[in-house]
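Reviewing the structure listed below.
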Amino acid sequence: MSDVGQGAGGDVANASILSVRKMMSERLEEFERAKQAVLEMKAGLRNIISALENSMIIIIIDELDRCRPTYAIKLLEEIKHLFDVKGLVFIFGTHGKQLGSSISGAYGDKFNGHDYMRRFIDREYKLRTPLPINLVDHLRKQYGISDQNFSIPNTFRKEGNARLQSSQIIAGYMKSYGLAARDAFALMDTMQVSLNLISPHEKIFLPLFIPLAIGQILGKDNKQLPDLQHPFEWGYRFYGRSQSGQIEYDPHDLAVSSQKMLDLSMREIRALLNADFRDVIIDFNYEDILEAGGDFTKNSIFKIPEILRTVGRFSRAAP
């Protein structure tokens, strides 16, 4: 009986060895097929590049730093392994420092993600940060955004009296509220969509709209102003009726005053505009604001939160 048992055990061991060998053989065959497929693909790419009369193929991959670190690593490794062909060039538009930090986070704090990236990137070129005014001016033309549907009071520089153009005003808001240059795209998108939500005779009060739009882009509620990061270098100049002569306002203070109006009803606004209440409205400058924005019964000061709420439902500027 013991001999029988030993024979059965030997058969099981032999079967296991054969199974392992078969699995290894299949894996090796699979590896060879994959290797051959890669070689054939590279040969095909070389033929394509040769057919282009010694030209090259350039593939641009943008915003890799915004991908999951594991995905970014996998993509870099596959490009290096599969597409290492002379004449085939990959250009990555990415925030190198941020991507390196993400890779370090994926492998551990002690892992040097920046050194790891050098395995894949042969040459690095740092682009200059565009001047916000140039970027805003270009995007306004591209998006077809004009001033005709915006109510914009007179502006002045705090050092000098030169009046600002619309693009300078928008760029000034971006700087003072700490908006990055890349966020200009979201801001222009918000402005473009908002203009399509109002009727032709309406005007959007820019001194309140832009701060609230920036706040929404930064993830705040559509009635919440962003935090001021840098003092404004310019202001608004009103020729209001509530006080004699011209009055000058800092853009942030004007936005705060305008925002307070959003919590009032039309009846309260009309009451505050009566002559008997002139002493009350001086603190908030309601009359000046409404005067600058046009007929307050048709003015979109009070519609701005709803406009931004609607934009937030389908715009890329939504938080």
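Taking the criterion of being modelled with pLDDT of 75 or more and out of contact with any Cys (no Cβ under 7 Å at 6 or more places or on another chain), would at least one residue in the range 277-287 satisfy it? Checked the range 277-287: no residue is modelled with pLDDT of 75 or more and out of contact with any Cys (no Cβ under 7 Å at 6 or more places or on another chain). Only a single criterion out of (1) in contact with a Ser or Thr (Cβ under 9 Å, 6 or more places away or on another chain); (2) farther than 30 Å from R182 by Cα; (3) not β-branched (V, I, T) is not satisfied by Q36, namely (1). Considering only residues that are hydrophobic (A, V, I, L, M, F, W, C) and assigned to a strand (DSSP E or B), look in the range 53-79 and name the one that is farthest from S102 (Cα to Cα). Taking the candidates together, the pick is I57.
The requirement of being over 18 Å from L208 (Cα atoms), among the acidic types (D, E) and at pLDDT below 80 is not satisfied by D263.
The single condition among (1) surrounded by 14 or more Cβ atoms within 10 Å (Cβ to Cβ); (2) more than 18 Å from E124 (Cα to Cα); (3) without any contact (Cβ under 8 Å) to a residue 40 or more places away in the chain that V85 does not satisfy is (3). Yes or no: K126 of a type in the set (K, R) and surrounded by 11 or more Cβ atoms within 10 Å (Cβ to Cβ)? No.
Counting only helices (runs of 4 or more DSSP H) that sit completely within the range 107-194, those holding 3 or more residues that are within 24 Å of D62 (Cβ to Cβ) and under 24 Å from the mean Cα position of the chain (by Cα) correspond to 132-143. Restricting the range 50-65 to residues that are among the charged types (D, E, K, R) and at pLDDT 80 or above, which is nearest to S104 (Cα to Cα)? In this case the residue turns out to be D65.
Among the conditions (1) modelled with pLDDT under 85; (2) under 30 Å from L187 (Cβ atoms); (3) not assigned by TED's automatic domain parsing to the domain that holds S199, E159 misses just one, which is (3). Look at (1) closer than 20 Å to M261 by Cβ; (2) in contact with a helix residue (DSSP H, G or I) (Cβ under 9 Å, 6 or more places away or on another chain) and you find that F185 fails only one, number (1).
The values are calculated or read from the model by the stated rules, or taken from the named source; none is laboratory data. These figures come from a predicted structure and were not determined experimentally. Positions of Cβ are backbone-derived with ideal geometry, glycine not excepted, and every protein chain shown enters the neighbour counts.
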